[in-house]
1. Within the range B:171-203, track down each residue that is modelled with pLDDT of 95 or more and in contact with a Lys or Arg (Cβ under 8 Å, 6 or more places away or on another chain).
2. Considering only the range A:19-35, I want to know if a residue exists there that is more than 24 Å from A:ALA233 (Cβ to Cβ) and either in the same structural domain as A:ARG219 (by TED's automatic domain parsing) or in contact with a Pro (Cβ under 7 Å, 6 or more places away or on another chain) (or both).
3. Collect the residues in the range B:11-61 that are buried (at least 24 other Cβ atoms within 10 Å of the Cβ), touching a Ser or Thr at 6+ places or on another chain (Cβ under 7 Å) and of a type in the set (A, V, I, L, M), keeping them in residue-number order.
4. What is the one condition in (1) among the aliphatic types (A, V, I, L, M); (2) in a helix (DSSP H, G or I); (3) surrounded by 20 or more Cβ atoms within 10 Å (Cβ to Cβ) that B:VAL6 does not satisfy?
5. From the list B:LEU5, B:LEU82, B:LEU108, B:LEU70, which one is under 20 Å from the mean Cα position of the chain (by Cα) and not aromatic (Phe, Trp, Tyr)?
6. Can you tell me which condition A:THR43 does not meet? The list is (1) of a type in the set (Ser, Thr, Tyr); (2) within 14 Å of chain B (Cβ to nearest Cβ); (3) surrounded by 21 or more Cβ atoms within 10 Å (Cβ to Cβ), and all the others hold.
7. Identify the residue in the range B:145-157 that is surrounded by fewer than 17 Cβ atoms within 10 Å (Cβ to Cβ) and at the interface with chain A (Cβ under 10 Å from one of its Cβ atoms) and, among all such residues, is nearest to the chain's Cα centre (by Cα).
8. Does A:VAL236 meet the test of being assigned by TED's automatic domain parsing to the domain that holds A:GLY63, part of a helix (DSSP H, G or I), of a type in the set (Val, Ile, Thr) and more than 14 Å from the chain's Cα centre (by Cα)?
Amino acid sequence: MTLSVRNIGKSFGGFRALDDVSLEMPADGLLGIIGPNGAGKSTLFSVMSGFMAADAGGVSLHGRPLDRLGAAARARAGMVRTFQVPREFHHLTVRENLMAAAPGQTGENLLGVFLSPRRVRTEEAAIRVEAEATMDFLRLAPVADTPAGRLSGGQKKLLELGRALMAKPRLILLDEPFAGVNPVLIGQIMDRVATLNARGIGFLVIEHDLEALSRLVPRLVVMDRGRVLATGAPDVVLADPAVREAYLGGAVA
Amino acid sequence: MEAYLVAIAIIAAIYVLLTLGLTLQYGLTGLVNFGHVGFFAIGAYASALISMQGMPLVVSFVCAAAIAALAAYPIGLVALRLRDDYFAVVTLGFSETVRLAITSEKWLTNGVQGIPGVPKAFAGMGIGMAGAVATLAAIALACGVAALMLRRITRSPFGRVIEAIRDNEDALRALGKDPARFKIQVLALGSALAGVAGAFYAHYITYLSPDQFIPLVTFYVWMAMIMGGVGRVSGAVVGALLLMLFLEGTRFLRDVAPDLISAVDMASVRLGAVGLALVLFTLFRPQGLMGDYTRR
C-alpha cells in the first residue's frame, strides 16, 4: 500500500521545474517535503494531482497508475490535494463548503433532485452530520454559517483540510498548511493531522516551517532546483551539509 | 389598451423565461453565455416548423425544448474546455452561426423572407382577446414552473456544486468532481428554457425571420438579469419586467414630447434609455434590485 512517484520530469520552456523526481511512501504514512522557493515542490503536487501533465515519469497509488486520470478522477482514486493559497468557495458558508465536498451525492444529479427528493433529503441529513463532526474536529463550528470568503487565513487553511477530509481520501497532499497561520492555530492543525494519521490517512506535507514540520513527520524529502537532494529522518537530513548549503544558503556553519 | 397591455405582458413573460435560463447559467454557475438568443431561435424555428407539419403544439413545444437542449450539448463539449472569456466568444459565435444558418438554409427556413403563418396558440378561442389572454396565462404558468424548478435547484446539492463552480472550479476538481459534467447539464437546461421561450414567441408573433434573433436580444436578457440581481430567481423575474418597462415606457416619451423625438429616433432613444438605466444600476445598485449572490 504505497504512493509511488517515479522519475517525474517537467519543464516550462527551457526551465526544468522537476528533474527526475522520485519518492515513495506508505499511503498511510507521513512525509514532509522541504526546499527553498522555486525548488519545484508545488509543481510536484500539481503534477501528482493531475493539474499539470508530466513530461516524464508517473504516479501510482496502491500499485494503480494514475497517469491517465484527470484531476477529479485522481481525487476520487483517494489522493486529494489542498492549495497553497486557499481556494475556498467564498460565497458558500463553511458548512456548505464541507457538504459540497462529500462524494457520490444523488442530489448532485439534476434527475436525482427532481425524481428522488426523499433519498436526497436522507443523504443530505447524513452529510450534514458529517460536516458538523468535521467542523467540531477542526474547531470551525463557531463559523459554520459564515461565508468562507470572510474567514481568516488560518481558518481557510483549516477549511481546506476539512473539505479534503469530507472527500474521503486515503492520502492528502497538504501544500503549506502553516503558511500565514498564527502559532496557536499551527499547533491545532498539527495536532489534527497527527490524529488523522493515527486513523490511517496518509499525508504528504509541503512546509517552510521546518521546526513545526520536523515535529510532525518522521521523514523528510529535501528538494532543490527540481531535484531530490536528500531523504531521511529530519535531524539526519537537516544535518546534511548539502541540505544546509541549499536550504539555509550555507549561513549556518 | 387592454390588448396592448396583454401583448407587452406576453413579451415580458418571454423575457422572464429567457432571463431564468441565463440566471441558471451565469448567475448561479458563472457561465458567460453570450449566445442565449441562438437557443431562443432554435426553439422558435423548431416549434414553428414542427407545428406546421400538423403536429399539435404540445408536441412542438416539447421538441423545441429538447432540440435547444441538444444543441447546447455539442457546444458544451467543445466550449467548456475553454476559459471563461473564450467561452463567451464561442457562444456569441454560435448564436450568429445559428442566425446565418437560418438565413442560408432556405429550403427549411425560407431564409430572410421568413416563415409567415405560424399557427397561433389557442387559435380555437377566436380572434378576440381570449386567445391572447390564454397565451399569457400559459406562459405565466411556464414562468412559474421554471422559477420553482430553479428555486428547487438552488436549494439542492446540485445547486451547491454549481455555485462552487462559480467560486472556484479547480478546488472542486481537487475534491473529485468534474465541473464539465455539471456545466453541460446547466447549459442544456438553460437552453431548454430559452427554447420554450422561443416556442411561445413563435406561436404568439406567428411570423419568424432571422433578423428577430440578433445578439441584441441576448444583451437585453443580460441587462434584465443585471438589473434584477445576478443569481437570484426573483431577480430574473423583476429584471425582465423592468426591462420591458424601459423598452416600452420610452414609447410614451413621444406622447409627452412629440416634437422632441421623431419616430425614427425612437429605436435609439429606447436603447439609450436602457443603457442609461444599466449605468445607473451599476453605479447606485450594483447588486441589482433583488440583491445578488453575495447574499449572506
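The values are calculated or read from the model by the stated rules, or taken from the named source; none is laboratory data. Keep in mind the model is a prediction, meaning the values are calculated, not measured. Glycine gets a Cβ as well: all are built from the backbone with ideal geometry, and neighbour counts include every protein chain shown.
1. Matches in the range B:171-203: B:ALA171, B:ALA174, B:LEU175, B:GLY176, B:HIS203.
2. Pass one, the range A:19-35, residues more than 24 Å from A:ALA233 (Cβ to Cβ): A:19.
Keeping just the survivors that are either in the same structural domain as A:ARG219 (by TED's automatic domain parsing) or in contact with a Pro (Cβ under 7 Å, 6 or more places away or on another chain) (or both) gives A:19.
Checked the range A:19-35: at least one residue is more than 24 Å from A:ALA233 (Cβ to Cβ) and either in the same structural domain as A:ARG219 (by TED's automatic domain parsing) or in contact with a Pro (Cβ under 7 Å, 6 or more places away or on another chain) (or both).
3. Once the filter is applied, which keeps residues that are buried (at least 24 other Cβ atoms within 10 Å of the Cβ), touching a Ser or Thr at 6+ places or on another chain (Cβ under 7 Å) and of a type in the set (A, V, I, L, M), the range B:11-61 yields B:LEU28, B:VAL37.
4. (3)
5. Numbers: B:LEU5 fails: under 20 Å from the mean Cα position of the chain (by Cα); B:LEU82 fails: under 20 Å from the mean Cα position of the chain (by Cα); B:LEU108 fails: under 20 Å from the mean Cα position of the chain (by Cα).
Selected residue: B:LEU70, the only one of B:LEU5, B:LEU82, B:LEU108, B:LEU70 that is under 20 Å from the mean Cα position of the chain (by Cα) and not aromatic (Phe, Trp, Tyr).
6. Just one mismatch for A:THR43, condition (2).
7. Taking the range B:145-157 and keeping what is surrounded by fewer than 17 Cβ atoms within 10 Å (Cβ to Cβ), we get B:145, B:148, B:151-152, B:155.
Restricting the remaining residues to those that are at the interface with chain A (Cβ under 10 Å from one of its Cβ atoms) gives B:152, B:155.
Working: B:ARG152: 20, B:ARG155: 23 Å.
Top of the filtered list is B:ARG152.
8. yes
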